[in-house]
Amino acid sequence: MWRKRSLLRLAMLSTFALVAVYYTTSQLHTIKKYRNRRKVGSVPPWAPVILVNELQYVGTAPEDDEDVFARHAFNLRSSNELPSDRSLPDTRHARCRDVEYGAAPLQTTSVVVAFHNEDRSALLRTVVSVLNRTPPDLIEEVILVDDRSDDEQDGSLLSSLPKVRVVRNQAREGLIRSRILGALEARGDFLMFLDSHCEVNVGWLEPLLDRVTQNALTVVSPVIDVIDMDTFQYRASSPQLKGGFDWSLYFKWLPLSHEERTRRGSPMEPFLSPAIAGGLFLISRDWFQRLGMFDSGLRIWGAENLEISLKSWLCGGNVEVVPCSRVGHVFRKTHPYTFPGGNADTYLRNTKRVAEVWLGDHKRFFYEAQPNARALDAGSLQEQLEVKSQLDCRPFQWYLENVFPELKLPNEENSAFGQLKQGSQCLQSEVESSGVKLAECNESELSQHSWAFNVHTASIQHGKLCLSVRNKLNLVLETCTQSYQQEWSRHGRAVVLLSSGQCLESGIRSELRLSECRRGAMSQQWDFTVELQA
Ligand code: UD2
Ligand code: MN
């Protein structure tokens, strides 16, 4: 046990020594790079070697029989075994390396990282990646907001690292209020928010800064690469997806339209996005403050990404994704922490606040999609409504027309719409054969979206076409004729062809067919993403 610990400690210390060496050399590199353009004196003097020797920051390794996912919902062993300064594959488009971002701005960025009981190795890697991969003179500080973690030293020990400042909440505030507190502490011109299990990739900050210096009213997001929650392998994400949401205000990815792709000169060019995926973004501190920061009434987790996106768009700014900037994030399946107000209600309440403030009359579509939100007490919206009127923000209708035309108004006659699913399988149209098939659900696959059940015509529509039965057994998409081959009803989760009383069913090879209805048969149960109340 003792041997294991001291080995671990030795490993951590040598990692730090490496960081220090790397750090000193990368600093020299930076000085050289900017000497021609900037006053040399503006590069701060660094002394990481001394600090490294003082730092004793050892994470808790999992016991041999421990479930490695139990504490953090990612593989704790994999995270612990990695050095804090590991190298990453450069996932940018090859030509991103050659882009020159003009004279380095004289403005600095404060990186804000809120965390609650984060694994030490993951938190340290987040900070080290920022310090190692950012020219020092662009970074004002790294503000770690400890959201009342059980062990105060998780944060405080890191305050000896260069540029790192730690603030600790008196009580658990949740990630949204923690980020607000971090922003209030910040002194940089720009704010960059990161999760506490991220790794920024090479050249990540410059392309983001380039955008905000051109337009101070923009919210810019890097492409968020995937750090595998089990192996911690770093993988590229698609740089061609924009962010959106459905009427329940659930975030979803959308492919760029053909028009948007052709309009962009090159795959490296930033593109506009209706919303950002989450909390990894850069914004000018001034614009963030004028927007009323995040709504401080949002609790613990969720919906602040939609809130900041809607605000920025509606109040005179925009939202962009910058493909040449890459930041890795450990995506997890569950939250490894408690929700004092209950997980589902917290999120629903947060989205209700966003809908109430920013959706205008369109909020009724949100309530149709999320009927349970009606009864929740969302609290006072006064402050956010004031921001909205002070900044003379546009109505949501403008956003629908100009920013997010993909978000269609639900037809009043549709009782359900979105994807038509069975477990993780989705109904998908095949344009060439006019057939339909089942395929693994994929948010960015357009042919799986826009299904709707129209109560009035008893039809299942996909865009302009209707789900139809040909020769009594083949399921196809045809022009809507309101004939008996196209009339369906829904009994619970079953989808029934009215004329024959047969049920829509998935076969063993995921083929679609009609079959005698069997109560409770899994292969006959279907769900739409959004159910509207009649
Ligand atoms: C996604 C976003 C996150 C935020 C969230 C919705 C990405 C990569 N992540 O988070 O930035 O937008 O959706 O709100 O887009 N934390 C606290 N206090 C708490 C709970 C969490 O400080 O009470 C910290 C946590 O340690 C982490 C961050 O907040 O650093 C985000 O939480 P998460 O990683 O559990 O959530 P995730 O990745 O689903
Ligand atoms: Mn996260």
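Values in this text are rule-based calculations from the coordinates and carry no lab data. Every value quoted in this text rests on a predicted model; they were computed, and no experiment measured them. A quick note on method: Cβ atoms are made from the backbone with ideal geometry, for glycine too, and the neighbour counts reach across all protein chains shown.
General remarks:
- Contact order normalised by residue count of the range 308-424, Cα under 8 Å, 6+ apart, percent: 32
- Spin-label pair Arg513/Ser238, simplified geometry with 7 Å Cα→Cβ offset, distance in nm: 3.2
- Cleavage-rule hits (trypsin sites (Lys or Arg not before Pro)) in the range 242-341: DSSP loop, at most 12 neighbouring Cβ within 10 angstrom: Lys333
- Using the Cβ-Cβ distance between Leu391 and Ala216 with R0 = 22 Å, the FRET efficiency computed as 1/(1 + (r/R0)^6) comes to roughly 0.95.
- Cα-derived Rg to Rh of the range 415-531, Kirkwood definition: 0.91
- Loop-located GluC sites (Glu not before Pro) across the range 459-512 with a Cβ neighbour count of 16 or fewer within 10 Å are Glu511, with loop assigned by DSSP.
- Rounded Å value of the spacing that divides the Cα centres of the range 427-502 and the range 118-165: 53
- Solvent-free Debye scattering, log10 I(q)/I(0), computed from the Cα coordinates of the chain at q = 0.06, 0.07, 0.09, 0.13 Å⁻¹: -0.34, -0.46, -0.74, -1.31
- Sparsely packed loop sites in the range 476-515 (the trypsin sites (Lys or Arg not before Pro) outside DSSP H, G, I, E and B with at most 11 other Cβ atoms within 10 Å) comprise Arg509.
- Segment Ala171..Ser433, full-extension length gain: 88.4 nm, with 0.36 nm per residue of separation and the alpha-carbon distance subtracted.
- Crossing angle, helix 2-35 versus the chain [Cα axis fit, 0-90 degrees, rounded to tens]: 80
- Long pairs among Lys311/Lys352; Lys311/Lys363; Lys252/Lys421; Lys437/Lys464; Lys388/Lys408, criterion Cα-Cα beyond 21 Å: Lys388/Lys408
- Cβ crowding within 10 Å ranks Cys480, Cys466 as Cys480, Cys466, fewest other Cβ atoms first.
- Computed helical MRE - 222 nm, the chain, DSSP H runs ≥ 4 contributing -39500 (n - 2.57), nearest 500: -8500 deg cm²/dmol
- Label zone at Ser296 (point 7 Å along Cα-to-Cβ), backbone N below 17 Å, the range 382-406: 382-388
- In the range 415-531, Cα pairs under 8 Å separated by at least six residues give a relative contact order of 26 percent.
- Angle in degrees between helix 304-314 and the longest Cα principal axis of the chain, rounded to the nearest 10: 80
- Arg187 versus Thr334: modelled label distance in nm, points set 7 Å from Cα along the beta carbon direction: 4.3
- Hydrodynamic radius of the range 326-382 per Kirkwood, over alpha carbon pairs, in Å: 13.2
- In the chain, the longest principal axis of the Cα atoms and the axis of helix 120-133 are about 70 degrees apart.
- In this rough spin-label picture, where each label sits 7 Å from Cα along the Cβ direction, the Gln382-Tyr101 distance is 4.1 nm.
- Its alpha carbons considered, the range 58-203 gives a radius of gyration followed by a Dmax of 16.2, 54 Å.
- The chain: Cys lacking any partner C-beta under 4.7 angstrom: Cys198
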